[in-house]
Amino acid sequence: MTGHRQLAEAGSAASTRDSRMHTRVELPQPASDAAALSDSLRGLIAGEIEAAGGAIPFSRYMDLCLYAPGLGYYSAGQRKFGAGGDFITAPEVSSLFGRCMARSCAEVLQQTGGDLLEFGAGSGRLAADLLGELDTLGCLPRQYFILERSADLKQRQQQLLRRDLPRLVERVVWLDSLPAAGFHGVMLANEVLDAMAVERFHWNGSAAAQYFVAQGPAGFEWLQRPVESPGLQAAIDTLVHACNLPAGYVSEINLSLDPWLRSVAGRLEEGLLLLVDYGYERDEYYHPQRSSGTLMCHYQQRAHDNPFLWPGLQDITAHVDFTAVAEAATAAGLEVSGYTSQAWFLLDCGLEGLLQAAGPTDTAAYLQLAQQAKTLILPGEMGERFKCIALTRGTERQLPGFRMQDFHHRL
C-alpha cells in the first residue's frame, strides 16, 4: 500500500490555482454503477465547495471521499481488501500476522484480565485470527470490541466471524463510539492512522501555504491559500525549523492525531495501545528527498497520486509520522514502551516457530506459509515499511514484539 508520489513544485502566491499534472498511470474504468456512485459523491463535494465560497481544505475533501455516508470509500459497498480489492493488508496476506500479534496481546491480557478493542477492523480477518490464536493460547479477552465507522464493513465483519469463528462470535461486540473510561486490556489499530484525513502544505522558503480543493473547468483542482488554522501554522513552523525544510517542499500533517490519542488515552486505565502502520520517524518523513510528500491513492491494486480521480472509488492515504505519534501519546499520559519494524515485531512474537509447526508433514502448507511470511517481513515488501509502536499505561512487562529490536530512541 505504499508508494512515492511525484508532483511538480507548488506556487507561492497568496491564493493560487495549481494546475499541475499528476503522474500518468493506466487505470481500469469503473463499472457503470460504481461510476454513478462516484458522480453522486462528486456532486456532494461540489455542493460543499460552493457553500464554502469556492474551496474546502484538503482534509475535508479527503474525509468526504473516504467517509461520506453511503458514498465514501469506506462507507459504500465496494470491495477494498484482498486480491480482488484495491490493496492488501497484512491480515489478508496471512493468518501469521494475527497469530503473532496475539502473542503480544496475550501478555497484557494476562496481566489485566481485560478486554480487546480493535479500531477499524477492515474485513474482520484480523479479529478472527487474533481470537482464534488467543483461544489456542488460553488467553481470550472477556470481550472483543470492534469500533467501526463503516456500516458496510461492520456487516462484512459479522459475516466473516460467523462463518469462520462461530464458537466465539458471541464474544464480539460492535461499538459506535469509544467505550467509557476505565478500559483494561488491549486496544489495537492496524492501518488506521494512515486513513485519517490530513492537511497538505507547501513551504516556499519564507512562508507556508495550505492546500484547498476548488471546482475548476475540468473538475476538482488544487488551490493554495495562506494557512488558516493556527494549529496547522504552528505545526508547520515546528517542522520547518526542526527538519530544515527546503523551499518548494510539499507534505502532509495529521492534525487529527492529537485529539484522537487524547480521547483514546482518556479511556485506557491499564493496558496497551498497539498501532501498526506504514510510516517513518520525523527526520525520515520530512527528509529533503521526500519533497513531494507521501499522499497516495490506491485503485484496483494500482497506486497513483491523483486524489481527484473517481472520488469514493479509491483509497486516499498518507504515511504516518511516528514521532508525532510518540509526542502526542506522551502528552496524553501514555508511555512509549516500544517501537520497531513489522519484521522484528513478528519475529519476536514467534513467527519462525509458527512456520516450523506447519512442517514437515505438510510440505505444501509450509511452503505457502513461508511465502506469506516473506511478504510480511522482507525489507522490499512489508517488513521495513510498516512499523509497530506500543503505547502503555500501568503495565511493566517487556512486550513480545519489542524485545529483539526496539528503535524508540529514533523517535
>> For segment 5-59, give me each residue that is among the acidic types (Asp, Glu) and modelled with pLDDT of 95 or more.
In response: 39, 48, 50
>> Pull out all pairs, ordered by first then second residue, where Cβ-Cβ is under 9 Å, the residues are six or more apart or on different chains, the first lies in segment 97-124 and is more than 19 Å from residue 393 (Cα to Cα), and the second is modelled with pLDDT under 95 and in a strand (DSSP E or B).
In response: 122/81; 123/81
> Which pairs have Cβ atoms under 6 Å, sit 6 or more apart or on different chains, and link a residue in segment 149-177 that is aliphatic (A, V, I, L, M) to one that is open to solvent by less than 30 Å² (accessible area, probe 1.4 Å) and part of a loop (DSSP other than H, G, I, E, B)?
Replying inline: 160/124; 161/124
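Quick grid of which residues meet (1) part of a strand (DSSP E or B); (2) free of Cβ contacts under 8 Å to residues at least 12 places away in the same chain:
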{"position": "275", "(1), (2)": "yes, no"}
{"position": "289", "(1), (2)": "no, yes"}
{"position": "306", "(1), (2)": "no, no"}
{"position": "355", "(1), (2)": "no, no"}
> Which members of segment 145-166 meet the condition of being among the basic types (Lys, Arg) and at pLDDT 95 or above?
Replying inline: 162, 163
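Okay, residues lined up against (1) basic (Lys, Arg); (2) within 28 Å of residue 101 (Cα to Cα); (3) surrounded by fewer than 20 Cβ atoms within 10 Å (Cβ to Cβ):
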{"residue": "275", "(1), (2), (3)": "no, yes, no"}
{"residue": "290", "(1), (2), (3)": "yes, no, yes"}
{"residue": "301", "(1), (2), (3)": "no, yes, yes"}
{"residue": "309", "(1), (2), (3)": "no, no, yes"}
{"residue": "320", "(1), (2), (3)": "no, yes, no"}
>> Suppose we filter segment 28-67 for residues that are closer than 25 Å to residue 212 by Cβ, more than 18 Å from the chain's Cα centre (by Cα) and open to solvent by less than 50 Å² (accessible area, probe 1.4 Å); how many remain?
In response: 12
> Only one residue in 265, 242, 235 is open to solvent by less than 10 Å² (accessible area, probe 1.4 Å), of a type in the set (Gly, Ala, Ser), farther than 27 Å from residue 88 by Cβ and assigned to a helix (DSSP H, G or I). Which one?
Replying inline: 265
> Looking at residue 228, is it within 30 Å of residue 110 (Cβ to Cβ), of a type in the set (D, E, K, R) and touching a residue at least 24 places away in the same chain (Cβ under 8 Å)?
Replying inline: no
> Can you find a residue in segment 210-223 that is within 18 Å of residue 286 (Cβ to Cβ) and over 18 Å from the mean Cα position of the chain (by Cα)?
Replying inline: yes
>> Looking only at segment 322-339, filter to residues that are hydroxyl-bearing (Ser, Thr, Tyr) and part of a helix (DSSP H, G or I); which one of those is surrounded by the most Cβ atoms within 10 Å (Cβ to Cβ)?
In response: 323
>> Filter segment 168-209 down to the residues that are more than 22 Å from the chain's Cα centre (by Cα), more than 27 Å from residue 288 (Cβ to Cβ) and open to solvent by less than 20 Å² (accessible area, probe 1.4 Å) and list them by number.
In response: 168, 172, 183
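Conditions tested, residue by residue: (1) open to solvent by less than 20 Å² (accessible area, probe 1.4 Å); (2) not in a helix (DSSP H, G or I).
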position	(1), (2)
123	no, yes
127	yes, no
130	yes, no
138	no, yes
141	yes, yes
154	no, no
163	no, no
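A quick yes/no check of all residues on (1) in contact with a helix residue (DSSP H, G or I) (Cβ under 7 Å, 6 or more places away or on another chain); (2) on the phi < 0 side of the Ramachandran plot; (3) not basic (Lys, Arg):
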site	(1), (2), (3)
271	yes, no, yes
285	no, yes, yes
296	no, yes, yes
303	no, yes, yes
319	yes, yes, yes
324	yes, yes, yes
329	yes, yes, yes
333	yes, no, yes
341	no, yes, yes
> So which residues in segment 361-411 are crowded, with 18+ Cβ neighbours inside 10 Å and among the aromatic types (Phe, Trp, Tyr), if there are any at all?
Replying inline: 386, 402
> Taking segment 357-411, which residues are among the small types (Gly, Ala, Ser), touching a residue at least 12 places away in the same chain (Cβ under 8 Å) and more than 20 Å from residue 194 (Cβ to Cβ)?
Replying inline: 370, 373, 394
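The values are calculated or read from the model by the stated rules, or taken from the named source; none is laboratory data. Predicted, not measured: the structure shown is a model, and the values here were computed from it. Quick reminder, even Gly has a Cβ in these numbers, built from the backbone with ideal geometry, and neighbours come from all protein chains shown. Ligands, DNA and RNA are stripped out before the accessible areas are found, and what is left, the full protein with its side chains, is counted by its heavy atoms. Shrake-Rupley method; radii C 1.70, N 1.55, O 1.52, S 1.80 Å.
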